[in-house]
Amino acid sequence: MLALWLKNHVDRVRALVFALCAVPAFGLLQDSARAALGPNPLATLLHTSGHSALLLLGATLCVTPLRRGLTLLSLHTHQRYGKRLSDWNWLIRLRRPLGLWCFAYALGHAWLYCAFDIQYDWRAGLDELQQKPYLMIGAVALALLALLAATSPQSMMRRLGRQWRRLHTLTYVVAVAGLLHFWWMTKPGLWTPWPDTAFLGLLLAYRLALRLGVLLRWDGYDGSASQERAVQTA
């Protein structure tokens with residue numbers, strides 16, 4: 001039973017997720033050391049770090065629908081374990097590391113811009129911020145990500161109570177801001193952001209349909225854990 005094995009070895013799954021999240025950063029470091037970042041190294045660094053943040057944000061938003069999908073798949077294939085949503089509660093524990101990696105890449109993206117593009121000339125940076133909408137929307141997305149990262153620990157969840165879940169719905173605002181940032185900084189005629197837009201657009205549309213009651217709501221549709229039951233393996 002793969003579902004039960006995954007639950008019993010969640011630490012290994014988390015380690016694998018951590019390693020996969022580190023792949024883009026490791027690749028950039030390796031290419032930088034070999035001087036293999038292409039004709040415009042800064043553009044490569046900025047694009048890869050920003051795109052990695054957007055992909056990890058999408059992965060974070062995937063956790064809730066993935067739990068639902070795996071539950072339905074287990075029911076359809078008549079698995080002995082995995083047919084309850086609570087069997088996949090462990091997936092919720094992956095949201096925080098995915099979100100923190102997303103913030104790390106976004107922060108690195110912003111640092112690269114400050115260090116190598118404007119070279120810490122804050123006056124020039126402020127002028128660009130006012131003149132270029134994609135920089136302003138990117139700054140807003142980064143500020144919101146910083147707020148979400150700061151309130152992600154369990155201690156903050158307990159302190160904020162019900163307000164914590166409401167606060168973290170800002171993830172969807174960050175997703176929209178991130179897509180706008182990507183589109184506005186893309187040269188006219190290029191369609192590079194389309195795959196990310198389709199991916200995140202589907203996730204946001206699914207969430208909106210649940211909120212509005214267009215789709216049938218289910219236990220845990222809001223991302224909360226379901227009540228655990230005793231595991232029967234015999």
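Only the coordinates and a few stated rules stand behind these numbers; no lab work does. For clarity, every value in this text was computed on a predicted model and none was experimentally measured. Neighbour counts run over all protein chains shown; Cβ positions are idealised from the backbone, glycine included.
From its DSSP helices (H runs of at least four residues, each -39,500 (n - 2.57)), the chain gives a residue-normalised ellipticity at 222 nm of -23000 deg cm²/dmol.
Scaled to the globular estimate 2.2 N^0.38 Å, the Cα spread of the chain, given as radius of gyration, is 1.14.
Taken over the Cα atoms of region 111-234, the convex hull encloses 206 Å³ per residue. Here the Karplus relation 6.51 cos²θ - 1.76 cosθ + 1.60, evaluated at θ = phi - 60°, turns the backbone of region 79-84 into coupling constants of 6, 6, 9, x, 7, 9 Hz, with x for every Gly and Pro.
Listed by chain and number, the lysines whose alpha-carbon sits under 26 Å from that of Lys7, ignoring those within fewer than 8 places in the same chain, are Lys83. Provide the FRET efficiency to the nearest 0.05 for the Gln163-Gln131 pair, computing r from the beta carbons and using R0 = 25 Å. It comes out at approximately 0.10.
Normalised by 2.2 N^0.38 Å, with N the number of residues, the alpha-carbon radius of gyration of region 52-104 equals 1.29. If you look at the Cα atoms of region 31-142, you get an Rg and a Dmax of 19.9, 63 Å.
For the residues Leu216, Leu94, Leu145, a GNM of the chain with alpha-carbon springs under 10 Å puts the largest fluctuation on Leu216. The modelled label-to-label distance for the pair Leu72/Ala225, using points 7 Å beyond Cα in the direction of Cβ, is 2.5 nm. Annotation note: trypsin sites (Lys or Arg not before Pro) in region 1-74 located in DSSP loop regions with a Cβ neighbour count of at most 15 within 10 Å are Arg34.
Shown for the chain are the DSSP H helices of 20 Å or more along their axis, judged by Cα atoms, with a mean Kyte-Doolittle hydropathy of at least 1.6: 133-150. Residues His78, His51, His9, ranked from the fewest to the most other C-beta atoms within 10 Å, line up as His78, His9, His51. Pick from Leu98, Leu135, Leu72: which is most flexible by mean-square fluctuation in a GNM of the chain where alpha carbon atoms under 10 Å apart are linked? Fluctuation is largest for Leu72.
For Lys132, the aspartates and glutamates whose Cα falls under 19 Å of its own Cα, not counting residues fewer than eight places away in the same chain, are Asp117, Asp121.
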